[in-house]
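For reference, the structure is listed below as structure tokens.
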Amino acid sequence: MNVLRTKSVERSIADTEEPEHRLKKNLTALDLTVFGVGVIIGAGIFVYTGQVAASNAGPAIAISFAIAGLACALAALCYAEFASTVPVAGSAYTFSYATFGELVAWIIGWDLALEFTVGAAALSVGFSGYLQAVLEGTPFAIPDQIASVESGVVNLPAIVISLLVMVVLIGGVKLSSRINQVVVAIKLAVVAIVIVMGIGYVKLSNYTPFIPESKPPASEGGGDFWSSTLISSIFGLEPAVYGVAGVVAGASIVFFAFIGFDVVATTAEETKNPQRNVPIGILSSLAIVTGLYIAVSLIITGMQSYDEIDPTDAAPLATAFDAVGQDWIGDVIAIGACIGLTVVVMILMMGQTRVAFAMARDGLLPPVLSKVHPTYGTPYVITIIAGVGVAVMSGFVPFATLGHLVSIGTLFAFVLVSIGVVVLRRTRPDLPRAFRAPAVTLVATLSVLLCGYLMLNLTGETWVRFGVWMLIGVVVYFAYGVRRSNLAREESGEKAVPGR
């Protein structure tokens, strides 16, 4: 039983040409950039900006975004090289299969399932929060019982939007791209409104102190393992919020806001000239949103003192304008955010379906999941399963729990990709690379160290949930994939499954 068997890059590329599993190549560099911007500008800027400022970093949330953006930039360079070398659906899963072997590839694929599925669910919950802000005070106001799991029984709007997005994705990736382009324009307009209209209400006194003095958590039991950061528990540090530690912990949380550019890598197989267009899409989308995040966070914390922001507010950007008497701007922002978050759900769900599609095509998941719709050219079976899963999760799990799980899953994926790009440079120096990360060893090392440190600044509760999920994944692999993968069948001399 060889769990470290690798699938060559050449074979991964050749598999994309099989008729039963061939995806249509429709996407351009512009499509990918818009996809990246579309998914990155989401709950991170519309929800976490207020929540993390209030609970962790104060006005220094701008620094938190900068730290998280730096970690993403380092990982993005590694992703861009990998995606230009291995232009195949599956993102970090496919990259790991070519470098570390099957077991590690399975682990990262299972991890990506956590990142994208839980991320889509979190964004569905974020959409629900802004929808409630839009409908509040109208005859269509959503009753508390079906508005959220915190105040009621189920989050019905989140379930509905998840299922609608599923239908759109089955209709085809180009349709999804066109819808995304329109909605991204709306989201950028909303961000512009926040910056342009909000700057006139900024009070410099709200920036003092820029990094609030460190203090113990306000909640009872804040010093236990579950609610403390892992680094505090390991080194016996007193748990605290604000201060430098709060800013770094805030970076670990707002890292959730940057997930998206790795989704671009999952669409490589559906991209025209992926060796050129995928790196452009990844790097350009990340550069655009990092600047916007920092600007918006400075505006919001300048308009409203961080200690007056409600950390449980699901629509903090709209609330900030309500607080200065500009309710109409708050309403416009709420409507734009509501529309914008819909597309983020769509792109994250698409990322999950492409990873699972690649795993099924390799035999690590049941082959039925890699079936492509004869008309739309999309992996419709796994799209239906993912859509239902996201709907259930978003309907019954709180936003904060989902967001923390996405952050740790994304950071773990970044660590493996950063290591993998160096491994592939040394094991396969002959491969053509349309994009080469500069000073790759240094970039990859810094990426691993920074992403690893951010992971340590997540809570013990998040680590335990992540560990349980990964343990389940290992059990599933040894119960199914280790004997049924295409490489395992070939090793045993078993006849290949038709269509693989």
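The values are calculated or read from the model by the stated rules, or taken from the named source; none is laboratory data. Remember, predicted model here, so these are calculated numbers, not experimental data. Cβ atoms come from the backbone with ideal geometry, glycine included; neighbour counts cover every protein chain shown. The protein model used for the area step is the full one, side chains on, heavy atoms only, and it has no ligands, DNA or RNA in it. Shrake-Rupley method; radii C 1.70, N 1.55, O 1.52, S 1.80 Å.
Spin-label model, Val182 to Glu494: label points 7 Å out along the Cα-to-beta-carbon direction sit 4.7 nm apart. Of interest is the spacing of the C-alpha centroids, which for the range 32-77 and the range 317-387 amounts to 18 Å. Identify, among Thr427, Ala439, Val368, the residue whose Cα sits farthest towards the positive end of the charge dipole of the range 328-456, taking +1 on the Cβ of Lys and Arg and -1 on the Cβ of Asp and Glu, with the dipole about the Cα centre. The listed residue farthest towards the positive side: Thr427.
Computed over the alpha-carbon atoms, the range 125-217 gives an Rg to Rh ratio of 1.11, Rh here being the Kirkwood radius from the mean inverse distance.
Our coupling estimate for the range 96-112, obtained by passing each phi through the Karplus curve with A = 6.51, B = -1.76, C = 1.60 and θ = phi - 60°, is 5, 4, 7, 10, 8, x, 5, 4, 5, 4, 4, 4, 6, x, 5, 5, 5 Hz, Gly and Pro reported as x.
First measure r as the distance between the Cβ atoms of Trp226 and Thr445, then evaluate 1/(1 + (r/R0)^6) with R0 = 25 Å and state the FRET efficiency to the nearest 0.05. So, using R0 = 25 Å, E works out to roughly 0.20. Any idea what angle helix 274-303 forms with the longest principal axis of the chain, computed on alpha-carbon atoms, 0 to 90 degrees, nearest 10? Taking the Cα atoms of the chain, the angle to 274-303 is about 10 degrees.
Estimated from helical segments only, the mean residue ellipticity of the chain at 222 nm is -21000 deg cm²/dmol, where each DSSP H run of four or more residues counts as -39500 (n - 2.57).
Between Thr208 and Ile13, the modelled label-to-label distance comes to 6.1 nm, taking each label 7 Å out from Cα in the direction of the beta carbon.
Computed from the C-beta positions of Ile234 and Trp328 and an R0 of 45 Å, the FRET efficiency is 0.35 to the nearest 0.05.
Compute the semi-axes of the equivalent ellipsoid of the range 292-423, taking the square root of 5 times each eigenvalue of the Cα gyration tensor, and list them largest first in whole Å.
Numbers: eigenvalues 277, 78, 37 Å².
Rounded to whole Å, the semi-axes are 37, 20, 14.
A simple spin-label model places pseudo-atoms 7 Å from Cα toward Cβ; at Val244 and Phe140 they are separated by 5.1 nm.
For Val241, the residues whose modelled amide H falls within less than 5 Å of its own, excluding neighbours fewer than 5 places apart on the same chain, are Lys215.
Computed extension length for Ala479-Val368: 38.2 nm, one decimal, from 0.36 nm per residue of separation with the Cα-Cα distance subtracted.
Report, to the nearest whole %, how much of the accessible area of the range 341-465 belongs to carbon and sulfur atoms, 1.4 Å probe, protein only. Carbon with sulfur: 72 percent of the solvent-accessible area.
Put simply, the amide H of Leu27, placed in the peptide plane, has neighbours under 5 Å in Thr271, Lys272, leaving out anything fewer than 5 places away on its chain.
Considering the zone a paramagnetic label at Val167 would reach in this model (a point 7 Å from Cα along the Cα-to-Cβ line), which residues of the range 383-407 have amide N under 18 Å from it? Label zone hits: 383-392. In terms of overall dimensions, the chain has a Cα radius of gyration and Dmax of 21.9, 73 angstrom. Computed with a 1.4 Å probe over protein heavy atoms only, the accessible surface of the chain comes to 37 Å² per residue.
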